[in-house]
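The values are calculated or read from the model by the stated rules, or taken from the named source; none is laboratory data. Remember, it's a predicted structure, so these values are computed and weren't measured experimentally. Note: ideal-geometry Cβ built from the backbone for every residue, glycine included; neighbour counts use all protein chains shown. Please note that ligands, DNA and RNA were not included when accessible areas were found on the heavy atoms of the full protein model with its side chains. Shrake-Rupley method; radii C 1.70, N 1.55, O 1.52, S 1.80 Å.
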Amino acid sequence: MPILRKIYAILIDLVETLVIAGAIFVIIYAFLFRPFQVNGESMYPNYHNGEYILTNLITLKFSSIERGDVVVFESPVDHDKDFIKRAIGIPGDEVMIKAGYILINGIRLDESVYLPLGVNTYSGKFLEEGIPMIVPENNYLVLGDNRTFSSDSREWGFVPREKIKGKSFFVYWPLNRIRLVNHADYNMN
């Protein structure tokens, strides 16, 4: 009989440990951090198809999205999917595509930190060549780093703040590509 009590005590301890671990996981997943998988080549060469990126959900409660942040948001074209893109225009910015470059408030955006030389940004159905647009309040202009193969704000417009799930901050899979997600700082003076 004493052996049955020991087995019972071990099982109870195991169940308690699993319940506590599960509760901690749910809290972290629902309120703090969430993994997202990069699907496709829209963020290449900085983020590759199949990489897993940890996204901070709570940051948006206490800080705003800044130009250069890599964000995850609900796809405007398929609400069951999430997209990952770079925030380029923030509320109040005047944005324009001209001669293959992005102009923010009349200043050419230097994207050399994350885009290879010679990459051009072409217009789309929404953001047309040479036509300035103001980013509305609580909206963002987002673009993929792989400008040629990215479905982004140039095609379907601004992303409302409430659709943005979080800021990505850490690539954790595959193991040979573990790294921090670099926030692009732009000299807009």
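Before moving on, here are some points about what is shown:
- Couplings 3J(HN,Hα) of segment 132-143, computed from phi: x, 9, 9, 6, x, 4, 6, 9, 9, 9, 10, 9 Hz, in residue order, whole Hz [Karplus 6.51 cos²θ - 1.76 cosθ + 1.60, θ = phi - 60°; x for Gly and Pro].
- The accessible area of Glu41, taken with all protein chains in place and a 1.4 Å probe, comes to roughly 80 Å².
- Largest to smallest accessible area among Ser64, Ser168 [probe 1.4 Å]: Ser64, Ser168
- Crossing angle, helix 2-27 versus the chain [Cα axis fit, 0-90 degrees, rounded to tens]: 10
- For the set Ser151, Ser75, solvent exposure ranked by accessible area (probe 1.4 Å, protein chains only) runs largest to smallest as Ser151, Ser75.
- Amide hydrogen neighbours beyond the local backbone of Ile88, cut-off 5 Å, H modeled: Gly68, Leu141, Val142, Leu143
- Trypsin sites (Lys or Arg not before Pro) restricted to segment 1-90 and DSSP loop, no more than 15 other C-beta within 10 Å: Lys81
- Taking a sphere under 13 Å around the Cβ of Ile12 and counting the other residues whose Cβ falls inside, with K and R at +1 and D and E at -1, yields a net charge of 0.
- With K and R counted +1 and D and E -1, the other residues having a Cβ less than 12 Å from that of Glu128 yield a net charge of +1.
- Solvent-accessible surface (1.4 Å probe) assigned to Thr17 amounts to roughly 90 Å².
- Summing charges over neighbours of Tyr44, with a neighbour being any other residue whose Cβ is under 12 Å away from its Cβ, gives -2 when K and R count +1 and D and E count -1.
- Sequence-distant contacts, meaning Cα pairs under 8 Å at least 6 residues apart, place the relative contact order of the chain at 25 percent.
- Net length available on complete extension from Asn105 to Asn176 is 21.6 nm, with 0.36 nm assigned per residue and the Cα-Cα distance removed.
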